Structures are given as structure tokens and as C-alpha cells.
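Visitor: One structure is given below, represented as C-alpha cells, and several questions about it will come after.
The values are calculated or read from the model by the stated rules, or taken from the named source; none is laboratory data. In this text the structure is predicted, and so the values were computed from the model without any measurement. Don't worry about glycine lacking a Cβ; one is built from the backbone with ideal geometry, like all the others, and counts go over all protein chains shown. For accessibility, only protein heavy atoms count, side chains too; no ligands or nucleic acids. Shrake-Rupley method; radii C 1.70, N 1.55, O 1.52, S 1.80 Å.
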Amino acid sequence: MPAPLSRRSRPAPAARAQEGSTPGVSSREDGVSGPRPRKATERNRRPLLPLPLAAAAFVLAGACAGEEGRGPVLGSPAPAYGASTLGGGDSITLAELRGKVVLLNFWATWCAPCRHETPFLDSLHARRSADGLEVVGVSVDAGQARGDVEAFVREYGVGYTILLDPQMLGMDRYGVVGLPASFLVDRKGILRWMRFGPVSATDREFLEAVESVLR
């Protein structure tokens, strides 16, 4: 289970509560970043929840998430989402990408595991974009971080679409409590696979999921 971000005392979606047993949902404790400390003041820090408390919150969230109909549910339409692009500020929504397989990846410049997986995501996009795979990276860097994101993209030569979500609305919508997190959406907009943790070139589960959805 990822290191949790206690941004709000909101319930996590039901799919999160079943990570260990639900096909298409996976989580990794290693290589997951919690929140970045902003300033050395208590007001600006985001405390980490102890893992036992976070696990209990996930379990308790099941009923609430089901009632509200929020959060990611495998085999159902991916939660509606859109944000401004890094390049020109134009907005892109998942609905506009219908017809493509979308890998929605939440990340931040301060997240070390995100930095490790970025080159792989870029190479995956370069190799499979012609087959209909669209990698969309969502930066959740807060505040006036556009310059940091632009520097990151230049440093890593990122060729896929980058969206800016400083208010972390997508994290709420998709129940993300640690970074990175990835969601695989098929050509009809149905959520087929998700990972709360990093992916890599040796991640057989992830690669098989991508191949299955691209078929």
C-alpha cells in the first residue's frame, strides 16, 4: 500500500479498499512518494497517516464510495477529468481522447519514484503511440510550479502530454493518496487497470495490461 497523503479526511474509493484482491488493481509500497514538505511550518505540512490508520480508512471508505458513486471502479467509465496543458494552457479532457487507449499518470517533480519511471513512460509512448496509446502525465505540483514542471520536461525530454493540476482535483477524483499512480483507460473510456505505485520496463503485470487493452 502506498504511503498515504492525508490531504483531507475524505474516504477513498471502494476500488482502493480491494487492492489486494481485485484483478486490475495493484499497489506497491516500495517507490511511492508521500507529500513534499513545503515550508518548515506546521500549517503548510501535510502529515502522513500511519499505514494501519490509512488501511482502516480504506476499508471504511468502501460503503461511502459506493453510495456516492465516486472514485475509480474497474470495468466502469473512468471518472470524468480534464486539466490545462503545460504547453499552451488549453484544456484536455478524457472524453476528447475517446478512441485512444489512455494511460493517465499522476506525478510531481519532487517525487523520486516519478522521476525513475518517467523515462520508461516516455519510451513506451514513443513506441506505442502509433498503436493508439496516449500517455498523459498529470503534474500535481502545487502553487506557482509551472517553471519546475517545464524544467523537468526539458531535463527528461518528455514527449507525451503533460497536464497541470495544482489543486489536485484529479487526485480527489481518482482516490490517489500517494505518487505516482497510473490508470489505464480503453478506447471506449472504460477503466481497465490501475496501479497505486510506479511502473517499469520489467513490470510484467503492467505490460500485459497495456497489450491487452491495445488489442
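Visitor: Give me the Debye-computed log₁₀ of I(q)/I(0) at q = 0.14 Å⁻¹ for region 69-215, equal point scatterers on Cα only, no solvent, two decimals.
Guide: -0.60
Visitor: From the residues Trp193, Gln144, Tyr160, which one has its Cα farthest along the dipole of region 143-215 in the positive direction, the dipole being from +1 and -1 charges on Cβ of Lys/Arg and Asp/Glu about the Cα centre?
Guide: Checked the options; the winner is Trp193.
Visitor: For an R0 of 22 angstrom, estimate the FRET efficiency from the Cβ-Cβ distance between Thr202 and Tyr156 and round to the nearest 0.05.
Guide: Calculated value: 0.70.
Visitor: How much length would be gained if the chain were fully extended between Ile92 and Ser129, taking 0.36 nm per residue of separation minus their Cα-Cα distance, in nm to one decimal?
Guide: Once the chain is fully extended between Ile92 and Ser129, it gains 11.6 nm.
Visitor: Over the Cα atoms of region 115-154, what radius of gyration and what Dmax do you get, in Å?
Guide: Both quantities, over Cα of region 115-154: 12.1, 36 Å.
Visitor: Compute the Rg/Rh shape ratio of region 73-158: radius of gyration over Kirkwood radius, all on alpha-carbon atoms.
Guide: Reported Rg/Rh (Cα atoms, Kirkwood Rh): 0.96.
Visitor: If I stretch the segment between Glu211 and Lys188 completely, what's the gain in nm (0.36 nm per residue apart, minus their alpha carbon distance), one decimal?
Guide: Once the chain is fully extended between Glu211 and Lys188, it gains 6.7 nm.
Visitor: A follow-up question, please. Report the dimensions of region 128-172 along its three principal axes from the alpha-carbon atoms, largest first, rounded to Å.
Guide: Cα spread of region 128-172 along its principal axes, largest to smallest: 35, 27, 8 Å.
Visitor: What part of the accessible area of region 161-207, given as a whole %, is carbon or sulfur when the probe is 1.4 angstrom?
Guide: That fraction is 54 percent.
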